[in-house]
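Reading through the structure tokens given below for one structure.
The values are calculated or read from the model by the stated rules, or taken from the named source; none is laboratory data. Computed from a predicted structure; not experimentally measured. Because the Cβ atoms are built from the backbone with ideal geometry, glycine has one as well, and the counts that use them run over all protein chains shown. When the accessible area is computed, the model is the full protein with side chains, heavy atoms only, and any ligands, DNA or RNA have been set aside. Shrake-Rupley method; radii C 1.70, N 1.55, O 1.52, S 1.80 Å.
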Amino acid sequence: VQLQASGGGLVQAGGSLRLSCAASGLTFSEYTMAWFRQAPGKEREFVSSIRGSGGGVFYADSVKGRFAISRDNAKNTRYLQMNSLKPEDTAVYYCAAGRTIVSSMRRIDGYPYWGHGTLVTVSS
């Protein structure tokens, strides 16, 4: 299984970015796909997740209403649209995948597969 995240960069506060995560080596529609982030000096935290075919979307309170997760099963890719970005959104963003039960969807240990991170920097 390989997960490849892209789309990070430098943006001013209030701006937008879209992250992508391309997956290979798994049946995409059978897996929950998630985004986590890790800011400098902080622990990795849950951002958002989307279940396999059948929906089910979850967000951290800190990004609810600003971020939107989506998936394109035909392209084996999922996306994180980030709007109204704030300096506190600055972090390395990681995509993750797993056959994850609902109770574990916000947990790091709920996902056995991880991609390399992509850096998002929001300037004030």
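In this simple spin-label approximation, residue 27 and residue 107 carry label points 7 Å from Cα along the Cα→Cβ vector, and these lie 2.5 nm apart.
The slack between residue 70 and residue 123, meaning 0.36 nm per residue of separation minus the straight C-alpha distance, is 16.5 nm. Candidate cross-link partners of residue 42 among the lysines, defined by an alpha-carbon separation under 22 Å and a same-chain spacing of 8 or more, comprise 64, 86. Using a 1.4 Å probe on the protein chains only, how many percent of the accessible area of the chain belongs to carbon and sulfur? The C+S portion of the solvent-accessible surface of the chain is 47 percent.
When 35, 114 are compared by accessible surface with a 1.4 Å probe, the order from highest to lowest is 114, 35.
So with the 1.4 Å probe, I'd like the accessible area per residue for the chain, rounded to whole Å².
Heavy-atom accessible area per residue stands at 50 Å².
For the pair segment 102-124 / segment 37-93, the C-alpha centres are spaced 8 Å from each other. In this view, the solvent-accessible surface of residue 71, computed with a 1.4 Å probe and all protein chains in place, comes to about 50 Å².
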